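The values are calculated or read from the model by the stated rules, or taken from the named source; none is laboratory data. If you're wondering where the values come from, they're calculated on a predicted model, not measured in any experiment. Glycine gets a Cβ as well: all are built from the backbone with ideal geometry, and neighbour counts include every protein chain shown.
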Amino acid sequence: MSGLVPFLRKEFSETVRTWRLWVVPGFLLFSALSSPLVTYLMPTLLDQLGTAQQGLSITVADPTALQAYLEYLGNLGQLTLFALVIAYGGIVSGEVRGGTAALTLAKPLSRAAFVTGKWLSQALVVAAGAAFGTLICIALTQLLFEDGPAGRTVLAVGLWIAYALMLLAVMVLLSVELKAPAAASGAGIGVYAALVVLAQFEATSGATPAGLPAAGLAIVRGEPAQWALPLVTTVAVAAACLVAAVLRFERREI
Amino acid sequence: MLTAGAAVHGSGVTLVETTLPIATHVAATGTSPALVALLVVLGAVEVGLLAWALVDLYRRPSAQINGGSKIPWLILCLLLQIIGPIVYLAAGRERVKPAHDPLAGGGPAGSAAGRAVAGGATVAGVAAAGAVPPPLAVQRADAATVADALFAARGAEPDGAAASGPAVELRDVRKTFGDAVALDGLTLSVPPGSIYGFLGPNGAGKTTTLRILAGLAHADAGAVRILGRDVAGGGADARAVIGFLPDVPAFYKWMTAPEYLRFAGSLFGLSGRELDDRVTAMLELAGLAGVRTRVGGFSRGMKQRLGVAQALIHGPRLLLLDEPTSALDPIGRRDVLDMIASMRGRTTVFFSTHILSDVERVCDTVAVIARGRVVAQSGIDELRSRRGGLNRLSIEVDDPRRLWEGLAGAPWLRTVEAGESGELLVTCDDVGAAQRELPALVGRLGLALRRFGVDELDLEDVFVDLVGEDRR
């Protein structure tokens, strides 16, 4: 894949110097900071409401580190993935529509390197953002609560990263296929919704990528979790999407 | 509305759901004023941010939206309230600072003296990287000297096949877009080292041809070779020896000119000192040295010059330029044409345009394309003379109508039209015969001859004749 290294350098620079840095890593950081804080402050807020509200009965358990971690994973699984799907709708088509791809691909940069570089750079950004966010979340949680399942949370975030990178590969494929970024984002939301639906059925949840988020939550709770097969299929789906994206992009006119 | 009832994951909260208007809720229950104030402030901030973001999104042109599309940002703002508008306002709007063009005069970066000194140092650097003696005196404006150093420093020498064969060879190339035929059996051959004008009206197939040569589009049929290399099947080795400038070059707006040139050079495998020297030399050549503004703020002329510079960064053996002067003002056009002319004898330039004066100024060979086919291909002088001695005689007599009638049936006659000052403009296939017979005809008709001369047709006349002939 000729030209991959300089193209990756360009992608990283672009991430740092443009809006891209703000979206997914921004959401990750927001989730990492807000989850322990919201969990910690929630009883106080509810107490304020409940004591003043006639006829309102509120029973609040003391917040725990486990709740903070579950809140964090919940945010990663919804808010951040949603932002990922929206942000990366134009990951390939944006450059093609904008005309920058024509100048870049007229140089000895292979189409495979272009597509792979797009995915790889953003995969590293998402993974690094998740790792950094998780460290912040764990540190803040340790500060606000007693010891919690930090190790299990790290494992669950690892599974979330795999799931997010698969969705990123799906977005790369959609962005190659659909010329309009908004259309790719819309289709990506459809894929995300379909995975949420598939997660509701035991058969599909235990054998497809759809089961990975629930497996992560189960791991944090310390419950038995089926994550091996969903992880394998997640990696397989991601690889298949990338291969398909490369093959389709090689035939595409710029 | 104030809504309670959202459950925290695994928090064990049991909550009787209630939904009350805030005012009613406060009046009825006497909720803590601090909490109400907080909620009101939060609500106001949320609504304010959303309104600000939506109004800005509505008013802002798509070109000034990061990512180029409004819809994802709209979805983000609407669905992720508070966070979505903050993200859009912080990162979605593109702020571009207009750049000062040194060649437009004014600033110190544009001063001739400053450019001359910097240019000298740079060219020496490029020459040194290529182990050739540095030139003794260099002017910034001396594009040919920069080009000398650039191409002398080029590592790879032409291979035998490429040196002896055509630089570009297209044979029976066909390309369609649905029912529309863009290229209809296009065949042409570009001599190595020439500046080759690829001339045609809008929609003739020029851009399609260049996109195929640059590897951005695929021919449906036919053979396409660049310097002996087959372009079909990816053509990465062919792309390694070309420099390409599309009609509207688009750069990464967040980069500066040196950053883009560095990126372009690194894709061609350049690195270290050689890359540094070439970047500096190309900035000098393009008149962009000292410009540190992002490319997003560049004028069209600056972008076009940067486009030529990025195409030259690796010392290409074939330079593909798609209408490089079409949207430039006269000064920008002169700059770009000077840069192209400086490549003569150093590399092959394949240059599409519909501006005939540009072709006459810099090209030595020309092909005229119409409806996806080459209708003429030769040197410019040869093209002019081959059209006929396509020459035009200008004759003024006291009664032009009688002469017009008398010309009917002349075997050498092609067309007759009235000139602006009453003279007749006679286009003929055999100018010698016309020169002999026309004055004799005037004598036989008893007319008074006031003026008689031969006008050589310019390229525009030839072009109109060729393209018009194809359309007939």
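Considering B:Val368, B:Val359, B:Val397, B:Val336, which residue is out of contact with any Gly (no Cβ under 7 Å at 6 or more places or on another chain) and under 29 Å from B:Gly215 (Cα atoms)?
Working: B:Val368 fails: out of contact with any Gly (no Cβ under 7 Å at 6 or more places or on another chain); B:Val359 fails: out of contact with any Gly (no Cβ under 7 Å at 6 or more places or on another chain); B:Val397 fails: under 29 Å from B:Gly215 (Cα atoms).
From the options B:Val368, B:Val359, B:Val397, B:Val336, the qualifying one is B:Val336.
Does the range B:88-104 hold any residues that are of a type in the set (A, V, I, L, M) and at pLDDT 80 or above, and which are they? Full working, then the answer.
Our first condition is that a residue be of a type in the set (A, V, I, L, M); within the range B:88-104, this holds for B:89-91, B:96, B:99, B:103-104.
Within the range B:88-104, B:Leu89 is the sole residue that qualifies.
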Original post:
Does any residue of the range B:267-284 turn out to be of a type outside the set (Val, Ile, Thr), touching a residue at least 24 places away in the same chain (Cβ under 8 Å), away from chain A (no Cβ under 14 Å) and closer than 25 Å to B:Glu94 by Cβ?
Top reply: yes
Original post:
Of the conditions (1) surrounded by 17 or more Cβ atoms within 10 Å (Cβ to Cβ); (2) part of a helix (DSSP H, G or I), A:Ala203 fails just one. Which one is it?
Top reply: (1)
Original post:
With (1) modelled with pLDDT under 80; (2) crowded, with 18+ Cβ neighbours inside 10 Å; (3) farther than 30 Å from A:Glu95 by Cα; (4) more than 7 Å from chain B (Cβ to nearest Cβ) as the list, and A:Arg20 as the residue in question, which single condition is left unmet?
Top reply: (3)
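Considering every residue within the range B:352-365, establish whether at least one is at pLDDT 90 or above and touching a strand residue (DSSP E or B) at 6+ places or on another chain (Cβ under 6 Å). Spell out the reasoning first.
Filtering the range B:352-365 down to residues at pLDDT 90 or above leaves B:352.
Still in the list and also touching a strand residue (DSSP E or B) at 6+ places or on another chain (Cβ under 6 Å): B:352.
Yes, because at least one residue in the range B:352-365 is at pLDDT 90 or above and touching a strand residue (DSSP E or B) at 6+ places or on another chain (Cβ under 6 Å).
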Original post:
Among the numbered criteria (1) under 30 Å from B:Asp237 (Cα atoms); (2) within 14 Å of chain B (Cβ to nearest Cβ); (3) crowded, with 21+ Cβ neighbours inside 10 Å, which single criterion is violated by A:Lys179?
Top reply: (3)
Original post:
Conditions: (1) buried (at least 18 other Cβ atoms within 10 Å of the Cβ); (2) closer than 21 Å to B:His354 by Cα; (3) touching a His at 6+ places or on another chain (Cβ under 8 Å); (4) away from chain A (no Cβ under 14 Å). B:Val291 meets all but one. Number of the miss?
Top reply: (2)
Original post:
Any idea how many residues of the range A:63-117 are facing chain B (nearest Cβ under 9 Å), in a helix (DSSP H, G or I), among the hydrophobic types (A, V, I, L, M, F, W, C) and farther than 19 Å from A:Gly129 by Cβ?
Top reply: 6
Original post:
Identify, please: which residue in the range B:295-322 is out of contact with any Leu (no Cβ under 9 Å at 6 or more places or on another chain) and assigned to a loop (DSSP other than H, G, I, E, B) and is, among those, surrounded by the fewest Cβ atoms within 10 Å (Cβ to Cβ)?
Top reply: B:Ser299
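To keep it simple, each residue is scored yes or no on (1) aliphatic (A, V, I, L, M); (2) over 19 Å from A:Gly74 (Cβ atoms); (3) in contact with a strand residue (DSSP E or B) (Cβ under 8 Å, 6 or more places away or on another chain); (4) assigned to a helix (DSSP H, G or I).
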residue: A:Ser2; (1), (2), (3), (4): no, yes, no, no
residue: A:Phe7; (1), (2), (3), (4): no, yes, no, yes
residue: A:Phe12; (1), (2), (3), (4): no, yes, no, yes
residue: A:Leu21; (1), (2), (3), (4): yes, yes, no, yes
residue: A:Pro25; (1), (2), (3), (4): no, no, no, yes
residue: A:Leu29; (1), (2), (3), (4): yes, no, no, yes
residue: A:Leu33; (1), (2), (3), (4): yes, no, no, yes
residue: A:Pro36; (1), (2), (3), (4): no, no, no, yes
residue: A:Leu41; (1), (2), (3), (4): yes, no, no, yes
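Yes or no: A:Ser2 facing chain B (nearest Cβ under 8 Å), over 18 Å from B:Tyr252 (Cα atoms), in contact (Cβ under 8 Å) with a residue 12 or more places away in the chain and hydroxyl-bearing (Ser, Thr, Tyr)? Step through it out loud before you land on a result.
Details: facing chain B (nearest Cβ under 8 Å): yes; over 18 Å from B:Tyr252 (Cα atoms): yes; in contact (Cβ under 8 Å) with a residue 12 or more places away in the chain: yes; hydroxyl-bearing (Ser, Thr, Tyr): yes.
Answer is yes for this residue.
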**OP:** Return the total of residues in the range B:415-434 being closer than 12 Å to B:Arg392 by Cβ and part of a helix (DSSP H, G or I).
**Re:** 2
**OP:** Could you tell me which of the residues A:Val60, A:Val125, A:Val38 is more than 9 Å from chain B (Cβ to nearest Cβ) and at pLDDT below 95?
**Re:** A:Val125
Original post:
Does the range A:165-182 contain at least one residue that is over 30 Å from A:Phe114 (Cβ atoms), in contact (Cβ under 8 Å) with a residue 12 or more places away in the chain and in contact with a Phe, Trp or Tyr (Cβ under 7 Å, 6 or more places away or on another chain)?
Top reply: no
Original post:
Just wondering, is there one or more residues in the range A:228-240 that are of a type outside the set (Lys, Arg), buried (at least 17 other Cβ atoms within 10 Å of the Cβ), touching a residue at least 12 places away in the same chain (Cβ under 8 Å) and within 14 Å of chain B (Cβ to nearest Cβ)?
Top reply: no
Original post:
Restricting the range B:70-85 to residues that are under 33 Å from the mean Cα position of the chain (by Cα) and crowded, with 22+ Cβ neighbours inside 10 Å, which is modelled with the highest pLDDT?
Top reply: B:Trp73
**OP:** Just give me the residues in the range B:272-307 being within 20 Å of A:Ala102 (Cβ to Cβ) and touching a Pro at 6+ places or on another chain (Cβ under 7 Å), in sequence order.
**Re:** B:Lys303, B:Gln304, B:Gly307
**OP:** Would you mind stating whether B:Leu199 is over 21 Å from A:Thr104 (Cβ atoms) and either at pLDDT below 90 or facing chain A (nearest Cβ under 9 Å) (or both)?
**Re:** yes
Subject >> Among the residues listed as B:Ala281, B:Ala217, B:Ala236, B:Ala250, the single one being among the small types (Gly, Ala, Ser) and touching a Lys or Arg at 6+ places or on another chain (Cβ under 8 Å) >> reply: B:Ala217
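Working only within the range A:223-243, note down all residues that are part of a loop (DSSP other than H, G, I, E, B) and closer than 15 Å to A:Thr204 by Cα. Can you show your working first?
First, pick out the residues of the range A:223-243 that are part of a loop (DSSP other than H, G, I, E, B): A:223-227.
Passing the criteria: A:Ala225, A:Gln226, A:Trp227.
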Original post:
Looking at A:Gly186, is it within 14 Å of chain B (Cβ to nearest Cβ), within 29 Å of B:Ile75 (Cα to Cα) and surrounded by fewer than 17 Cβ atoms within 10 Å (Cβ to Cβ)?
Top reply: no
Original post:
Restricting attention to the range B:40-82, which residues are facing chain A (nearest Cβ under 10 Å), over 30 Å from B:Ala250 (Cα atoms) and assigned to a helix (DSSP H, G or I)?
Top reply: B:Leu79
